[in-house]
Amino acid sequence: MLDRLNITRRHLLGGMTALAGSTLLPGAYAASTQAPASSPSDASPRSWCIRNACVLTMEEGQAPLHNADVWVVDGRIEAVGEQLAVGDAEIVDGQGCIVMPGLVDTHNHMWQTQMRGMFGQTEERLFFPVTNRLGSHFRPEDTWVGEYLAAMENVNAGVTTSNDFFDNNRSPAHGKAALEALAASPLRARLLFGNESKTTDTMIDLEQLAELQRDWERFDEQGRLSLGLAWRLPDDLNDENAMAMKRREYDVARDMGLPIAVHVSGEEHHAMFQALIDGDFLFPGLQVVHATDARPAHLDALNAAGASLSLTPITEHRVAYGITRLSHFEGVERLGLGIDGNALAGTGDMFAVMKTAALTELAASGEETAVDCRRLLSLATSRAAESIGMGDEIGTLTPGKQADVIMIDTRAVNLGMLPEDPAAFVVFAATPANVSLVAVGGRLAKRDGQLLNVDEQALSSRLEASLSHLKAHL
Ligand SMILES: [Zn+2]
């Protein structure tokens, strides 16, 4: 697993000494676990500029800029253009590279990551039985490992934001472990605070949620982390008591002004979508996940309420929810793509997510021009950011926005040249290995193709310990 993260010791900054400032959380978790395996670095230059790149700003109607510069100052995009006068900014050579906004993963379950190798083809080894069984044995430490691994894998793959549906929130210590892992990583993330399991017969710990929100400034990493609700409809939609309990969770989150995400999937998915409409649950802060073959009337209601939708084509296909066709969602105004668990997807690779979406539509339509790659790329950048309510801050390379920037080096054996159509090239050809630079809020997390600030040994031993604990319950 670590090999795939492409971690090298060359880039370790300070090893365990970097940990001193990273114990961020008070209470049960901090008292009961080891120090984090790493900490984001503040060693990035204050002012830096990528020179002479092919820049995809992903702003509406903006064509690719050839031989352009992207200048970052104090964590934000300062300017994009040709031959910028950048003073004493540190220069990064962008020749032969595509520079674009960091990829936005609109739906994930990051806690599950280290179970990736445990799924098989027999009934008891399928994804849901394995994660349900092992999820109940997760300790805070296992939560930390899963969240942190996913965060680092995503950043390595050019994903700078993940919307993390945390649905194994077994105790306050588990919730704090998830937050601490995200804080220790460079990823921008929203922790959607959820229940103790995927079932809906218990209530989300609303007291802890309120406590976190009250104190959120202590956890938010200068705005890099945010909070929401990982919500579910009752298993039995006709169970009035269960629905009342779920409505209480929803109402509390609404009162707090938090965004809410909810799955609409499985055999009951049409009834679930209808229940969201009938219960008046749709609102601009609500994200519906999957709804793979939602009825047109349901999608109309989604648009009318200003709610958003997340599609995760790799996992939707993996667990046979249906065939995810982009054309079916053409009219959805707020739409984004997601990974939906690095464990289930098998990867934190949003290039693969986009490619799967494209190939599915092309094959199903029988029309080789059926996919507009530029539009598809927006579902993993600008529109994805907008769909999760972060469009003012991220999703395009626009002066004033957060400098969540990635660089794809085309001078690699699998790529080979700067393309005519960079969007199609990114969708069909790029892989995480081609991502040479990643910055989140201007802070460099990957450079020269290597992740920065990862303590490989500490992470490896924590992963091994977690795996041996979990395997005992497999
Ligand atoms: Zn999900």
Checklist outcome for this item: Ordering 252-261, 175-184 by per-residue average of other C-beta atoms within 10 angstrom, highest first, gives 175-184, 252-261
Checklist entry - Stretched out fully, how many nm does the piece from D421 to A79 gain, at 0.36 nm a residue minus the Cα gap? => result 120.8 nm
Next on the checklist: Sort 374-387, 138-151, 315-328 by the packing proxy (mean of other Cβ within 10 Å over each peptide's residues), most packed first.
Outcome noted: 138-151, 374-387, 315-328
Checklist entry - What is the Cα convex hull volume of the range 66-209 when expressed per residue in Å³? => result 149 Å³
Checklist outcome for this item: So the FRET efficiency between A364 and N132, C-beta based with R0 = 41 Å and rounded to 0.05, is 0.80
Checklist outcome for this item: Length gained if R411 through A271 is fully extended, taking 0.36 nm per residue and subtracting the Cα-Cα distance, is 45.4 nm
Next on the checklist: Going by Cα centres, the range 113-179 and the range 357-428 are how many Å apart?
Outcome noted: 27 Å
Checklist entry - For the residue pair E59 and F428, what label-to-label distance in nm results when each label sits 7 Å from Cα along the Cα-to-beta-carbon direction? => result 2.9 nm
Checklist entry - Which parts of the range 195-209 would a label at D255 reach, counting a residue when its backbone N lies under 17 Å from a point 7 Å out along Cα-to-Cβ? => result 203-209
Item to check | Relative contact order [Cα under 8 Å, 6+ residues apart], the range 103-387, whole percent | outcome: 19 percent
Item to check | Residue-normalised accessible area of the chain, expressed per residue, 1.4 Å probe, Å² | outcome: 38 Å²
Checklist outcome for this item: Of every hundred units of 1.4 Å-probe accessible area on the chain, the number belonging to carbon and sulfur atoms, as a percent, is 49 percent
Item to check | the chain - mean residue ellipticity at 222 nm from DSSP helices (-39,500 (n - 2.57) per run, n ≥ 4, rounded to 500) | outcome: -9500 deg cm²/dmol
Checklist entry - Counting DSSP beta bridges in the chain, what percent are antiparallel, to the nearest 5? => result 45 percent
Next on the checklist: Using only the alpha-carbon atoms of the range 103-183 as identical scatterers, what base-10 log of I(q)/I(0) does the Debye formula give at q = 0.16, 0.24 Å⁻¹?
Outcome noted: -0.59, -1.13
Checklist entry - Going by a ≥ b ≥ c, the root eigenvalues of the Cα gyration tensor, does the chain fall in the rounded group (a/c under 1.5), the prolate group (a/b larger than b/c) or the oblate group? => result oblate
Checklist outcome for this item: Here, H473 and S171, labelled 7 Å along Cα→Cβ, have an inter-label distance in nm of 1.2 nm
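The values are calculated or read from the model by the stated rules, or taken from the named source; none is laboratory data. This structure is a prediction, so every number in the text was calculated from the model and none was measured. All Cβ positions, even for glycine, are placed from backbone atoms using ideal geometry, and neighbour counts span all protein chains on display. Each accessible area value is taken on the protein alone, full model and side chains, heavy atoms only, with ligands, DNA and RNA left out. Shrake-Rupley method; radii C 1.70, N 1.55, O 1.52, S 1.80 Å.
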